[in-house]
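Worksheet for the structure shown next.
The values are calculated or read from the model by the stated rules, or taken from the named source; none is laboratory data. Note that the structure is a prediction, hence the values are computed from the model and not measured. Glycine also receives a Cβ, built like all others from the backbone with ideal geometry; neighbour counts cover every protein chain displayed.
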Amino acid sequence: MRTVIARLSPGDRLPSSRELIRRYQVGPATVSQAIATLAAEGLVATRPGSGTYVAARAQRRATVADTAWQTVTLADRTVDTRILTSAIGAPPAGTIMLDGGYLHRSLQPTQILTAALTRAARRPDAWDRAPASGLAALRSVFATMAGDGVSADDILVTAGGQSALSIAFRAVAAPGDPILVESPTYPGAIAAARAAGLRPVPVPMDADGLQPDLLADAFAMTRARLLYCQPAHHNPTGIMLAPQRRQQIIDAARAAGAFVIEDDFARHLGHGTPVPPPLLAADRDGTVIYLTSLTKPAAPSLRIGALIARGPVMERLRATRLVDDFFVTRPLQETALELLTSPTWERHVRSLTAALRERCAALTAAITHELPHWTLTRIPTGGLHLWVRLPYGTDDTVIADAARLHGVAVSAGYRYFATELPAAYLRLGFAATADPTELTEAARRLASAHEHAVGTR
């Protein structure tokens, strides 16, 4: 249709929808979407009852704006997103995606979400303003999910987990403050901390998770008042914080007069092994600020999460949230409420558990077979990723680039460290592929990529 429009003059009438349906052998909905797209691009104008016409050509500006002055005005206050996005753009078609952090469409509860959205849209108040803290019923559901001792008043509904992180970092700490993070850790947390003007300070982990003695030392040396951690199915390593360390982490933060931001993103991403209660359950002094989200276990665009906090810090969180965007869109909150209160949600979580376990086993077996010289640091009992240490002397970015050329996208390990790398790693996701067969093929391509990268070095 763009080609047809290019040959016409402004004001010329396009063929009718009936003619377009016949000409292109498509349905009415496709024609309607095409016309809407062209109208949004300013190429056509629709006149109800008359038809669709070629729009007047927009006059191009004769000169390009000189924006050099902005460099001086903006100075060095930048928001660095390089660890979140690829500098070379989207991968080509046919690439097997092992660098994703979301579920493949086949694993998403699409039908359940559609039904929930439909029911939510029918509510007479669906488009009314929502309370700043979130719908009372949805907050009650999140409180029940968090366990005993949490009430709806302790909940702040957010636009997903990343938004919750940004709110919490800015509400608790001031620009220039240090923030302690596990090493390695989630790149989104590093980026959000730096965007808030904070200085991420890494605290080492071992096979049992964050090391309490080193954490206490870090609090003493930096005087940080904020720790960000992921005790359950840690991203990227998959580590579960050891039971004996859970109270030690809380006690170390409490002794330092600091808050713990507990990111419980993987609560619904287990592989069948029971997940321990969150740190929040053992907190009696309001030390823990708890974060959860529906995005990972449901779908990328279900941007609904929750912050749980007690005491004056909740008022700070609410205030930060209010000045950001007033409230989370009500239809999305209503949809989340419909989803979580439906019996189909629990069925989805159970089926997701089985699917993630199968995919994890498939990728583990394929990597072990195709790349025996790579080291799987552990077989996770939950989450969406494997954490792989590369042979000594290997450059993770070189391997990631070679993998891309061989049709598989992976995450280079440097993105997960706030400072220097102790070794070369890759994070390999197993949830964004169509089926386990793709994971086997991905491992084969990775083996070819590694051979190519080492052979050409």
Residue hits (region 149-165; of a type in the set (Gly, Ala, Ser) and within 14 Å of ARG316 (Cα to Cα)) are ALA164
Name every residue in region 387-417 that is part of a strand (DSSP E or B) and within 20 Å of LEU84 (Cβ to Cβ), in order of residue number. TRP387, VAL408, ALA409, SER411, ALA412
Here is a check on your reading of the model: is PRO278 closer than 19 Å to HIS233 by Cα and free of Cβ contacts under 8 Å to residues at least 24 places away in the same chain? no
Just give me the residues in region 97-117 being of a type in the set (S, T, N, Q), in contact (Cβ under 8 Å) with a residue 24 or more places away in the chain and surrounded by fewer than 19 Cβ atoms within 10 Å (Cβ to Cβ), in sequence order. SER106, THR110
Do you know which of the residues in region 292-335 that are among the β-branched types (Val, Ile, Thr) and in contact with a helix residue (DSSP H, G or I) (Cβ under 8 Å, 6 or more places away or on another chain) is nearest to ARG123 (Cα to Cα)? THR335
Among the numbered criteria (1) more than 13 Å from ALA298 (Cβ to Cβ); (2) in a helix (DSSP H, G or I), which single criterion is violated by HIS373? (2)
Would you confirm, using the coordinates I've provided, whether GLY311 is of a type in the set (Gly, Ala, Ser) and within 19 Å of PRO297 (Cβ to Cβ)? no
Looking at region 118-126, is at least one residue acidic (Asp, Glu) and crowded, with 17+ Cβ neighbours inside 10 Å? no
Those residues of region 393-407 which are within 23 Å of the chain's Cα centre (by Cα) and among the aliphatic types (A, V, I, L, M), in sequence order: ALA400, ALA403
In region 310-324, how many are exposed (fewer than 12 other Cβ atoms within 10 Å of the Cβ) and under 13 Å from SER133 (Cα atoms)? 2
Got a number for residues in region 165-201 being assigned to a loop (DSSP other than H, G, I, E, B) and not β-branched (Val, Ile, Thr)? 10
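Please specify each residue of region 202-239 satisfying the condition of being small (Gly, Ala, Ser), assigned to a loop (DSSP other than H, G, I, E, B) and either touching a strand residue (DSSP E or B) at 6+ places or on another chain (Cβ under 6 Å) or crowded, with 21+ Cβ neighbours inside 10 Å (or both). Please lay out each step first, then the result.
As a first pass, look at region 202-239 and keep what is small (Gly, Ala, Ser): 207, 209, 216, 218, 220, 224, 232, 238.
Narrowing the set further to residues that are assigned to a loop (DSSP other than H, G, I, E, B) leaves 207, 224, 232, 238.
Passing the criteria: ALA224, ALA232, GLY238.
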Quick one: which residue in ALA336, ALA355 is within 20 Å of the chain's Cα centre (by Cα), outside the structural domain of ARG284 (by TED's automatic domain parsing), closer than 27 Å to LEU113 by Cα and of a type in the set (Gly, Ala, Ser)? ALA355
Among LEU439, LEU428, which is the only one that is crowded, with 22+ Cβ neighbours inside 10 Å, out of contact with any strand residue (DSSP E or B) (no Cβ under 6 Å at 6 or more places or on another chain) and either of a type in the set (Val, Ile, Thr) or not in a loop (DSSP other than H, G, I, E, B) (or both)? LEU439
Give the number of residues within region 272-309 that are surrounded by fewer than 21 Cβ atoms within 10 Å (Cβ to Cβ) and under 13 Å from LEU352 (Cβ atoms). 2
Name the residues in region 33-60 that are among the hydroxyl-bearing types (Ser, Thr, Tyr), within 16 Å of ARG13 (Cα to Cα) and surrounded by 11 or more Cβ atoms within 10 Å (Cβ to Cβ), would you? THR46, THR52, TYR53
Could you grab me the full set of residues in region 100-142 that are outside any helix (DSSP H, G or I), of a type outside the set (A, V, I, L, M, F, W, C) and over 18 Å from PHE265 (Cα atoms)? ARG122, ARG123, PRO124, ASP125, ASP128, ARG129, PRO131, SER133, GLY134
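To keep it simple, each residue is scored yes or no on (1) at pLDDT 95 or above; (2) buried (at least 19 other Cβ atoms within 10 Å of the Cβ); (3) touching a His at 6+ places or on another chain (Cβ under 8 Å).
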{"residue": "ALA354", "(1), (2), (3)": "yes, no, no"}
{"residue": "ARG359", "(1), (2), (3)": "yes, yes, no"}
{"residue": "ALA366", "(1), (2), (3)": "yes, yes, no"}
{"residue": "ARG378", "(1), (2), (3)": "no, no, no"}
{"residue": "LEU384", "(1), (2), (3)": "yes, yes, no"}
{"residue": "VAL388", "(1), (2), (3)": "yes, yes, no"}
{"residue": "ASP395", "(1), (2), (3)": "no, no, no"}
{"residue": "ALA402", "(1), (2), (3)": "no, yes, yes"}
{"residue": "LEU405", "(1), (2), (3)": "no, no, yes"}
When ALA242 is evaluated against the numbered criteria (1) farther than 29 Å from PRO175 by Cβ; (2) under 21 Å from the mean Cα position of the chain (by Cα), which criterion, by number, is the only one it fails? (2)
